[in-house]
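The values are calculated or read from the model by the stated rules, or taken from the named source; none is laboratory data. Computed from a predicted structure; not experimentally measured. Using ideal geometry, Cβ is built from the backbone for each residue, glycine included, and neighbour counts are taken over all protein chains shown.
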Amino acid sequence: MHQVISDKPEVVTEGFEAKSASKLSVLGFLMALPPMLLVILFVGLPILIAFTFSLGFTSGPNRVVSIIGQEIHKKDHWWGTFDAYKDVFHDSRFPGDLRTTLLVTFLSTSLVLLMSLGIGIYQRMIGGRIAAIMTTLTLVPLFVPVVISSWAIHTFYAGDGFMRTLFSHFGINFPTLTSTVSAIVIGTVWTSLPFSILMVTSGLQSIPDALIETAQDAGASFMRIIRTILIPLAITPIVIAGTFTAIGIMGSLTIPLFLGPNQPTMLGVEIYNFFGAYNRPQQSIVMAFIVFAAASGIALIYIWANVRSAKQSGRI
């Protein structure tokens, strides 16, 4: 009898918890539904329509742009056609644009991560007023519009800009960096550094002091602590910072448009030119999907970092 009485409250409690969990799951789904619908309606659907247009589906929502645009290829099979893709890959400008895009993305992302790690490690291991000032100064680009930054860099490194004027007083012919790939790298590093600094610094600051102090007591050198403790434990935010930086740089428009050369240029500028000046929207969409495919490859690294972090925290 005692066993029966003691079991009833447990059954009631379990049933109540199950109902509460069910209600919370339904409530959570309803709360997440509006942003999901917005993403599907204003991001997913336009991407799908653009992809069908690149394959030659010129009816429906693609009808107007197919009438206005030049060199439009209509589908010749039930699944479409790859003629627009052939146009892009056979264009003599595309290989140079693709190489420039990948080169700028690699160089800028590498420099951003190196600078972020340098400042973050300095603040974590040494600290002090100088480290705080450096971290604060690196956040300044967050509050400067990209257009203003691009134009400032353009005039700063132009043929009649500050750098050439300054060095000319000492008889030094400073090179003109405006309208070069170097200027694009400078601009993308400037705009991408703040976010990377915040991510990397937060990851390094979350490492317990006890680990670092134990390594120092054991006689580990400064570089060994960085190599075996700081970077491995902060690898997830470092990878996230790198992937977000690379994806943002790969699809950038304003900075290469203001600072880069006419040819070869980055694909973001070429997409802009093909869609507007050349009136070849189908080819511009093909280029956009090529950039999208490359960015998706980088995003796989971001997914891996999140899965790794979830496993370490026990969430999966």
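The residues on offer are I130, I172, and the sole one that is farther than 21 Å from L257 by Cα, over 28 Å from the mean Cα position of the chain (by Cα), assigned by TED's automatic domain parsing to the domain that holds L114 and outside any loop (DSSP other than H, G, I, E, B) is I130. Residues that are outside any helix (DSSP H, G or I), in the same structural domain as Q263 (by TED's automatic domain parsing) and more than 20 Å from M250 (Cα to Cα) do occur in the stretch 138-151, at least one of them. Looking at the stretch 270-287 only, could you name the residues that are in contact (Cβ under 8 Å) with a residue 60 or more places away in the chain and aliphatic (A, V, I, L, M)? Listed by number, the residues that qualify are I285, V286, M287. For the stretch 100-108, indicate whether the set of residues that are modelled with pLDDT under 90 and over 25 Å from A215 (Cβ atoms) is non-empty. Scanning the stretch 100-108 turns up no residue that is modelled with pLDDT under 90 and over 25 Å from A215 (Cβ atoms).
Filtering F42, F53 for residues that are of a type in the set (A, V, I, L, M, F, W, C), in contact with a helix residue (DSSP H, G or I) (Cβ under 9 Å, 6 or more places away or on another chain) and at pLDDT 90 or above leaves a single hit, F53. Looking across the stretch 107-135 at every residue that is free of Cβ contacts under 8 Å to residues at least 40 places away in the same chain and within 30 Å of A293 (Cβ to Cβ), the one that is surrounded by the most Cβ atoms within 10 Å (Cβ to Cβ) is identified as S110.
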